[in-house]
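Here is the structure we will look at.
The values are calculated or read from the model by the stated rules, or taken from the named source; none is laboratory data. Predicted model, so just to flag it, every value in this text is computed and none were measured. Every residue, glycine among them, receives a Cβ derived from its backbone with ideal geometry; neighbour counts consider all protein chains shown. The protein model used for the area step is the full one, side chains on, heavy atoms only, and it has no ligands, DNA or RNA in it. Shrake-Rupley method; radii C 1.70, N 1.55, O 1.52, S 1.80 Å.
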Amino acid sequence: MKLIIFILYILVFLPSSSVAEWYLDINGPDVFGEKSASVTADFIGNTDLIRMQCKSNGDYSFSWLIKTNEPMPNVRSLTGDILMKGDMGASGQVSAKLLAWNEKYIALSSFNDPIIIKLLDGIASAQSKINFGYLIPEIDAKASGTSLAINANFAIGKFKSHCGL
């Protein structure tokens, strides 16, 4: 009996733990019925992040957060692309704009683009790793990073369900 309880405990609580590279934050519904969610992914050996957000009003976004050494409140509005390739063959890219995020990050972000849903599906189908990259042609800036797929399927599934995507 103790073994069954232990196994149930692991099945229920382990998928939502923070041992994975994908972190899920779900909020709501609040007293107004509003809901929101975010998923953040760490890169292996890199301080940048991938972040997806949604609100119950239908807004959603996909961002590459670029770590800065000092606050950059006046970011020049540039356009670029965020690319994704999962180990199961799913790949895609979405157009994005560079903008200020907070004191620690600037972001290359895409908002309400249906391609984001395809990227989410590709992330969720990955088995071991997901490669990301960005390119900002105007300033010849590019970077790449890899995130482990551990917990990605769970986090993206809950995110899409909560957001109605």
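Descriptive notes on the structure:
- Conditions (1) over 14 Å from LEU120 (Cα atoms); (2) without any contact (Cβ under 8 Å) to a residue 40 or more places away in the chain; number of the one not met by THR40: (1)
- Strands (runs of 3 or more DSSP E) contained in the range 72-165 and holding at least 1 residues in contact with a helix residue (DSSP H, G or I) (Cβ under 8 Å, 6 or more places away or on another chain) and β-branched (Val, Ile, Thr): 79-86, 91-100, 129-136
- Selection of first residues in the range 58-69 that are over 9 Å from SER110 (Cα atoms) and of a type in the set (A, V, I, L, M, F, W, C) and of second residues that are in a loop (DSSP other than H, G, I, E, B) and open to solvent by 40 Å² or more (accessible area, probe 1.4 Å), restricted to Cβ pairs under 9 Å at least 6 apart or on distinct chains, gives the following pairs, ordered by first then second residue: LEU65/TRP101; LEU65/ASN102; LEU65/LYS104; ILE66/TRP101.
- Yes/no for ILE50 being surrounded by fewer than 19 Cβ atoms within 10 Å (Cβ to Cβ), among the hydrophobic types (A, V, I, L, M, F, W, C) and closer than 15 Å to GLU21 by Cβ: no
- When residues of the range 60-75 are limited to those that are in contact with a strand residue (DSSP E or B) (Cβ under 7 Å, 6 or more places away or on another chain), open to solvent by 10 Å² or more (accessible area, probe 1.4 Å) and more than 15 Å from ASP121 (Cα to Cα), the one modelled with the lowest pLDDT: PRO73
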